[in-house]
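Peer 1: The following block contains the structure, expressed as structure tokens.
The values are calculated or read from the model by the stated rules, or taken from the named source; none is laboratory data. Just so it is clear, the structure is predicted and the values come from calculations on it, not from any experiment. Don't worry about glycine lacking a Cβ; one is built from the backbone with ideal geometry, like all the others, and counts go over all protein chains shown. Side chains included, ligands, DNA and RNA excluded: accessible areas come from the protein's heavy atoms. Shrake-Rupley method; radii C 1.70, N 1.55, O 1.52, S 1.80 Å.
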Amino acid sequence: MDRRDFLKSTVAGTAAIALASTPLSLLSSCTPKAGAGKKNVTLNLSFQEGTAPGASLAEKLDYMENLGITGFEPGGHNLANRVSEISQALNGRNIRVSAICAGFSGFILAEDPAVKAEFDATMRDIVAAAGELHSTGVIMVPAFNGQRPCLPHTMETRNYLCEQLHELGEYAVKCGTTVILEPLNRRECFYLRLVADAAAICRDTQSKGVKCMGDFWHMQEETSDYAAFMSAGREYLQHVHVASRGRRIMPGEDGDKDNYVDGMRALKEMEYDKFISFECGTAGDRAVTLPAAVELLRSQWEQA
Ligand code: MG
């Protein structure tokens, strides 16, 4: 054996010894693959209608285009009468409707049949308009804490919710869109607080038109941003909202609290191709805080 062969066999031997001494549990399928979180996945950012400065929709969209924002999230109120206005404003731009934010009257878990009927009618109008605008879906909350009288938080109510959502989801599919359940924090909506619970309801509705989302602000309820998004996965996760994590203003305005890397890592690993949409105000000068927030999210996406 010459010196080179000796070195080769020594290196191989050392590697074999190292492998043999590694506990089997560390070599399970849970071991992260090298670079698993570094996939080249595009970050699609979106603004709600009130996020960008501008006196008109055209001015807001100009501002968004300059920042490279490719999604627009209007409110659902009066949407049926805005379809041509919004379509024309987006024509020729690299911006599309991301999701529609609520805007209906009544609520799906209303005890009063008249309030439930109001929800059914107004929500269906918004879903139809959302389909015409090629939106990923219409965001809804089953019941805010303050909405009364509300069906009790029981097994029967959950079954009823799944049945009702099935019908609504099938209608959304016919319209070419979806309905998106948004979990909130306990102060706003005790009924639905966790992304995994929303995803389980989506599954149990047995309709491809029922999806869910995560909102980094409300996700203070979660024990893990990563696990929350992973629990929904590509099958159910249809939208994401973002705000700062202390005061619900621009990402970055709450300093170190505004860390989205763990959640973004999940989004990248699942190759999430929908939008992260701003839902926040600002405590500072929007002309400064908004571009800074976009920059912060882009740099954290790179890190994730
Ligand atoms: Mg939200």
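Peer 1: Around ASP215, which amide H atoms from residues at least 5 apart in sequence, or from another chain, sit under 5 Å from its own amide H, with H modelled in the peptide plane?
Peer 2: Hits under the 5 Å cutoff: HIS241.
Peer 1: Moving to a separate point now. About the Cα centre of the range 39-303, how large is the charge dipole given +1 on each Lys and Arg Cβ and -1 on each Asp and Glu Cβ? Please answer in debye to the nearest 20. Can you show the working numbers first?
Peer 2: Numbers: 26 positive and 37 negative charges, 35 e Å.
Approximately 160 debye in magnitude.
Peer 1: Check which residues have an amide H placed less than 5 Å from GLY137's amide H, if you skip close sequence neighbours.
Peer 2: ILE100, THR178
Peer 1: I want to check the label-to-label distance for ALA292 and THR157. Put each point 7 Å from Cα in the C-beta direction and report it in nm to one decimal.
Peer 2: 4.2 nm
Peer 1: How large, in percent, is the carbon and sulfur part of the accessible surface of the range 39-303 at a probe radius of 1.4 Å?
Peer 2: The computed percentage sits at 49.
Peer 1: So if R0 is 45 Å, what FRET efficiency would SER299 and ALA114 give, r being the distance between their Cβ atoms, rounded to the nearest 0.05? Walk me through the numbers before you get to the answer.
Peer 2: Values: r = 50 Å, r/R0 = 1.11.
Step by step, r from the Cβ atoms, then E = 0.35.
Peer 1: Given a 10 angstrom Cα cut-off, can you work out which residue in ALA129, ALA89, ALA196 is the most mobile in a GNM of the chain?
Peer 2: ALA89
Peer 1: Output wanted: per-residue J couplings in Hz (rounded whole) for the range 95-111, from phi through Karplus 6.51 cos²θ - 1.76 cosθ + 1.60, θ = phi - 60°, x for Gly and Pro.
Peer 2: With the stated coefficients, the range 95-111 comes to 9, 10, 5, 7, 9, 9, 8, 6, x, 7, 9, x, 7, 5, 9, 4, 6 Hz.
Peer 1: In percent, how large is the relative contact order of the chain, given Cα pairs closer than 8 Å and 6 or more residues apart?
Peer 2: Details: 551 pairs, mean separation 51.1, N = 304.
Worked out over the chain, it gives 17 percent.
Peer 1: Another question about this same structure. In a shell of Cβ-Cβ distance under 10 Å around GLY71, excluding GLY71 itself, what net charge do Lys and Arg (+1) and Asp and Glu (-1) give? Mind dumping the intermediate values first?
Peer 2: Details: positive: ARG96, LYS274; negative: GLU73.
So the surrounding residues net to +1.
Peer 1: Using a 1.4 angstrom probe, figure out how much accessible area the range 39-303 has per residue, in square angstrom, rounded to the nearest whole. Don't skip to the answer; put the middle values down first.
Peer 2: On the way: 11300 Å² over 265 residues.
Value for the range 39-303: 43 Å² per residue.
Peer 1: Could you name the aspartates and glutamates whose alpha carbon sits less than 19 Å from that of LYS116, not counting residues in the same chain fewer than 8 places away?
Peer 2: Candidates past the 8-residue exclusion: ASP125, GLU156, GLU163, GLU167, GLU170, GLU182.
Peer 1: Counting only C-alpha contacts under 8 Å and six or more residues apart, can you give the relative contact order of the range 171-304 as a whole percent? If you can, show how the numbers build up before the last one.
Peer 2: Details: 231 pairs, mean separation 27.8, N = 134.
Computed value for the range 171-304: 21 percent relative contact order.
Peer 1: Right, something else. Stretch ARG93-HIS134 to full length: gain in nm at 0.36 nm per residue minus the Cα-Cα span?
Peer 2: Details: separation 41, 0.36 × 41 = 14.76 nm, distance 1.46 nm.
Stretched out fully, the ARG93 to HIS134 stretch lengthens by 13.3 nm.
Peer 1: What number, rounded to the nearest 500 deg cm²/dmol, is the helix-based mean residue ellipticity at 222 nm of the chain, given -39500 (n - 2.57) per DSSP H run of at least four residues and division by all its residues?
Peer 2: On the way: 9 runs with 128 residues, N = 304.
Estimated from H runs of four or more residues: -13500 deg cm²/dmol.
Peer 1: Taking LYS39 as the anchor, which lysines have their alpha carbon closer than 29 Å to its alpha carbon, excluding any fewer than eight residues away along the same chain?
Peer 2: Cα-Cα hits under 29 Å: LYS208, LYS211, LYS257, LYS268, LYS274.
Peer 1: With θ taken as phi - 60° and the coefficients 6.51, -1.76 and 1.60, list the Karplus ³J(HN,Hα) couplings across the range 295-304 in order, rounded to whole Hz; mark glycine and proline as x.
Peer 2: 4, 4, 5, 5, 6, 5, 4, 4, 5, 5
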